[in-house]
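Scroll down for the structure; my scribbles are underneath it.
The values are calculated or read from the model by the stated rules, or taken from the named source; none is laboratory data. The structure presented is a predicted model; accordingly, all values stated were derived computationally and were not measured. We place every Cβ from the backbone using ideal geometry, glycine too, and count neighbours over all the protein chains shown.
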Protein chains: 2
Amino acid sequence: MRSGRVVYAGAMARWAPNARDRLETAALDLFVEFGYEETTIAQIAERAGLNRATFFRHFADKREVLFGGEDVLAGLFADGIRAASPDATLAELLSAAFAGIDATMTPRRRAKAAQRLKVVATSVEVHERGLLKHARIATSVAAALRERGIDELGARLGAQVVVLAFSVAFEHWMKADEDRSFAPYAETALKGIRASAAQLDS
Amino acid sequence: MRSGRVVYAGAMARWAPNARDRLETAALDLFVEFGYEETTIAQIAERAGLNRATFFRHFADKREVLFGGEDVLAGLFADGIRAASPDATLAELLSAAFAGIDATMTPRRRAKAAQRLKVVATSVEVHERGLLKHARIATSVAAALRERGIDELGARLGAQVVVLAFSVAFEHWMKADEDRSFAPYAETALKGIRASAAQLDS
């Protein structure tokens, strides 16, 4: 006969509302401690107090633990562009892409990002998965810009500018001493890239 | 005792000066005929009249057969930028990246590219490898621009513009009816992107 405690733990495992977050925390801790390649999904689930099946309800594979946030970003950028005022210029649409960014770039996310950077630096496979996610973000942003009537070249260039601005802002945000909000870094990066873009046509 | 014919074939396999090209042709033919996943390296080598060891002297793996040309491109772009006149502006450096491009974008390359596009469309793995090669080209172009004194943001934006201009030009070049030189397509794409870039600062 099972004890009440075991039944309770089982119920936690199945219904835990914060299972995704617990799995992510456990995975990052293990990746940093023992290495990305060496960590198994079973170990991640165990550390999180969950089982393998729960892991696979939240992540397709081990790499997705590191890059699930990129899909959230792609959605936020596209939403921001869609919500911009109807007469927004291309430049304004790119700023609008970052309108909702602070919702996900929280101090907690920043702490996890620091762990991620350490892990990504140790594995070519993981680094490449990160590059692919950037390509997918660009595809999502370009589609949102096309929906807003931006022509093909403008949409594709704009998408690259958003990804580049995010990368540059992220690098500076991570280096900042304190927990600051992300938006000002994004704004500064966009401004700098737009100034560089102006040089392209001279 | 070996016959003269066998010894001759062995010598061909080891020294064939056009081994890389023969392997590439054999691989693309097989990929299109039987599918990328289904084709083995042994089959590629056999079709080319070479052995597996020769294959691995030219390519790290099966995917590299499809994307070896991207490394050549990265080198050509960087060489073009390095050879530009000392007082070249950022816009002029980006044009200079394409100065030597026709050397590799030959009618023969175009025929192979058509086969490659068919293969890439059937495999997610191969498609992703292509995206990674684009990222590597961008890294190479950004480094060349930094060497020319372009600031960090300009170098990274410029690199994305070169990759985007190449992609757009390539799409149009592949759709053109006849075998035309690549450079005019690159010039048109760059011009269009520069016009879009001008909108970014408005």
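Laid out as a table, the results:
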quantity: Hey, B:Ala183 of a type in the set (Gly, Ala, Ser) and modelled with pLDDT of 95 or more or not; calculated: no
quantity: Segment A:29-70, subset touching a residue at least 24 places away in the same chain (Cβ under 8 Å) and aliphatic (A, V, I, L, M), residue farthest from A:His127 (Cα to Cα); calculated: A:Leu50
quantity: Any chance A:Ala83 is buried (at least 17 other Cβ atoms within 10 Å of the Cβ) and more than 24 Å from B:Gln160 (Cα to Cα); calculated: no
quantity: Qualifying residue in segment B:115-136 (condition: of a type in the set (A, V, I, L, M, F, W, C), buried (at least 20 other Cβ atoms within 10 Å of the Cβ), more than 12 Å from the chain's Cα centre (by Cα) and closer than 16 Å to A:Ser196 by Cα); calculated: no
quantity: Where B:Ala74 falls short, out of the listed (1) surrounded by 14 or more Cβ atoms within 10 Å (Cβ to Cβ); (2) farther than 20 Å from B:Ala189 by Cβ; (3) away from chain A (no Cβ under 14 Å); (4) not aromatic (Phe, Trp, Tyr); calculated: (2)
quantity: Helices (runs of 4 or more DSSP H) wholly inside segment A:1-98 that include at least 3 residues being at pLDDT 90 or above; calculated: A:19-34, A:41-48, A:52-58, A:62-82, A:90-97
quantity: Pairs, first closer than 20 Å to A:Trp173 by Cβ in segment A:190-202, second in a helix (DSSP H, G or I) and hydroxyl-bearing (Ser, Thr, Tyr), C-beta under 9 Å, six or more apart; calculated: A:Leu190/A:Ser95
quantity: Residue within segment B:78-99 that is aromatic (Phe, Trp, Tyr) and closer than 17 Å to B:Ala27 by Cβ present; calculated: no
quantity: Matching residues, segment A:157-190, being under 13 Å from A:Leu93 (Cα atoms) and surrounded by fewer than 23 Cβ atoms within 10 Å (Cβ to Cβ); calculated: A:Glu187
